[in-house]
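Novice: Below is a structure I'd like to ask you about.
Each value in this text was obtained by applying a stated rule to the coordinates, not by laboratory testing. Here the structure is a predicted model, which means the values were calculated and not measured. Cβ placement follows ideal geometry from the backbone for every residue including glycine, while neighbour counts extend to all protein chains displayed.
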Amino acid sequence: MNLKQLSQLLGLSQTTISRALNGYPEVNAETRQRVLQAAKDTGYRPNLTARRLATGKTGSIGLVMPTAPAHQSDMHFGEFLSGLGEEAARHSFHMLIMPADPSNEEDALRWLAGSGNVDGIYLAYMRERDPRIALLKSFNIPFMVHGRSFGADADYPFLDVDNEGAFYDATKLLLQLGHNRIGLLNGPEGLDFTYRRKAGVEKALTEYGLALRADCLRHSAMTDEIGFLNMEELLSQKNPPTAILCASTTLALGAIRSLNQRGLKPGKDVSLIAHDDVLPLLKPHNFSVPLTTTRSSLRAAGIRVAQRLINRISFDEVEPVQELWKAELVVRASTGPAPV
C-alpha cells in the first residue's frame, strides 16, 4: 500500500493524508482518526525520506541510554520504553537510542541534538540539579523530561509522579499503625526520584517527632538480590525496623525472601510497602502475602511522554507543559499493626 493507493481508498487527497499522519492541526479529529485507522488496517507506512523532504522532520525521537551497571538490564526503564515506543510507532515515529557512559552523556546529547537525525529528545534518569536540562534548553530542539530535577530551574517540560507525596502517604499509614522504627530501601543515590521519596518519608516522620535513622536507610540499584542483602543488614541490627518502605517491587521481592528465611511474616512481624510501577512480571497482589503499594504505571507514563513530545514536535509547542501524577496507595496484607 502506497500513499496514492491509500488516497484512492479513502477518497482524500495525498496532502490531507500526509497532514493527518503527521498531526497537522488543520486536519479535523474525525478525518485524522479515519486516516490513522486505515493506515493501521492496510499496513501503510509513510516514506520517511519523502516526509523529511516535505516537512523538514525526520520522524525520529532520540534518547541517550546510560551504560553504567546500575542501569543495565533495568526492567523499569524497559517498561517505560515499551510505552514510549508503542505510542511513537502509532504516530509513525522511530526511536534512536544512543548508548553513552554517564561521564560522556552531555557530549552525547550535544551530538544528538546537532546531528539533524532526530526531531526531539527524551531525557531520563533525572538527577538533583541536573545540568542536562540547561544544556537541552540551549539547543533549538523540542525535548521532554520524564521526572524532575530538584534545584534546577523549573521552566522545562516534564511528566513525573509525585514521589514525595506517595512516600509521605505510605509512611503516614505505617505511623498510624503504630510503627516508629521505619526503614527505607531506596533507589540509587543522587537520582531525583530517590531524593523526593526520602524527603516524603522524612516529612511524615518529622510530623510525629521522629527521624529517619541512618542505619535504616539504604541506596542501591533496584534488584531483588540487592533487596535481599539490604534487608538482611537491616534485620540483623540490634534494634531493627518494624516496617520497611521499598522503592520498587523488585527490592520488595528480595526483602520478602529475607523475611521468609528468618521465619518472619510480612504484615505481622514486619510491615512492607513498595512502589509499584505496574511491571507485568511482578504483580503485588500475587505475592505470597499481597503487597501494599504506591502505584503508578511506567508504561502509561511512557505513552504520555511520547504524546507530549510528539505534540511539541508536530505543533511547535513552546510552553513547558508539566504534569505531576498522584500515585495511588493500595493497602493489602503486607502492612499491619506494629508488633508489641
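Novice: Just to be sure I understand the model, the point goes 7 Å from the Cα along the line to the Cβ. What's the resulting A89 to R213 distance in nm?
Specialist: A separation of 4.9 nm, rounded to one decimal place.
Novice: Could you work out how far the C-alpha centroid of the range 325-340 sits from that of the range 136-196, in angstrom?
Specialist: 19 Å
Novice: Next question. How about K238: which lysines have a C-alpha closer than 24 Å to its C-alpha, ignoring those fewer than 8 places off in the same chain?
Specialist: K198, K265, K268
Novice: Convert each backbone phi in the range 28-35 into a coupling constant with the Karplus relation 6.51 cos²θ - 1.76 cosθ + 1.60 (shift: θ = phi - 60°), then list the ³J(HN,Hα) values in order as whole Hz, x for Gly and Pro.
Specialist: Whole-Hz 3J(HN,Hα) from phi for the range 28-35: 5, 4, 5, 5, 4, 5, 4, 5.
Novice: Give me the net charge for the shell around G114: Cβ to Cβ below 14 angstrom, other residues only, Lys and Arg +1, Asp and Glu -1.
Specialist: So the surrounding residues net to -2.
Novice: What is the spin-label model distance, in nm, from L329 to K238 if the labels are put 7 Å beyond Cα along the C-beta direction?
Specialist: 3.3 nm
Novice: Right, next: For the range 123-189, what is the charge dipole size about the Cα centre, in debye to the nearest 20, if Lys and Arg each add +1 at the Cβ and Asp and Glu each add -1 at the Cβ?
Specialist: Using only the charged Cβ atoms, the result is roughly 120 debye.
Novice: Shifting gears a bit: Taking neighbour counts of Cβ atoms within 10 Å as a proxy for exposure, in what order, fewest first, do H179, H285 appear?
Specialist: On the way: H179 24, H285 11.
The most exposed by this proxy come first: H285, H179.
Novice: Then there's this: Tell me, in nm to one decimal, what length is gained between F150 and A134 on full extension, where the rule is 0.36 nm per residue of separation less the Cα-Cα distance? Provide the component values of the computation, followed by the final result.
Specialist: Details: separation 16, 0.36 × 16 = 5.76 nm, distance 1.32 nm.
Gain on extension, F150 to A134, equals 4.4 nm.
Novice: Would you mind telling me the antiparallel percentage of the DSSP bridges in the chain, rounded to 5?
Specialist: The answer is about 10 percent antiparallel.
Novice: Only sites in a loop by DSSP and with at most 15 other Cβ atoms within 10 Å count here; which GluC sites (Glu not before Pro) in the range 285-336 make the cut?
Specialist: Details: sites: E317, E323, E328; in loops: E317.
In loop regions of the range 285-336 (DSSP not H, G, I, E or B), the sparsely surrounded GluC sites (Glu not before Pro) are E317.
Novice: Here are some values of Rg and Dmax of the Cα atoms in Å: (i) 23.1, 77; (ii) 20.9, 82; (iii) 19.4, 61. Which one was computed from this structure?
Specialist: Identified label for the calculated read-out: (i).
Novice: How high is the relative contact order of the chain, in percent, with contacts defined as C-alpha pairs under 8 Å that are six or more residues apart?
Specialist: Values: 633 pairs, mean separation 61.6, N = 340.
In percent, rounded to a whole number, it is 18.
Novice: While we're here: For the chain, with the dipole built from +1 on Lys and Arg beta-carbon atoms and -1 on Asp and Glu ones, taken about the Cα centre, which of V321, P266, Q33 lies farthest toward the positive end?
Specialist: Positive-end residue among those listed: Q33.
Novice: While we're looking at this one, here's another question. Could you please rank F158, F139, placing first whichever residue has the fewest other Cβ atoms within 10 Å of its Cβ? Walk me through the numbers on the way to the answer.
Specialist: Working: F158 22, F139 14.
In order of increasing Cβ crowding within 10 Å: F139, F158.
Novice: Here's another thing I want to ask about it. Say R0 is 45 Å: what FRET efficiency, to the nearest 0.05, do E317 and K283 get from their beta-carbon distance?
Specialist: Using R0 = 45 Å, I get an efficiency of 0.80.
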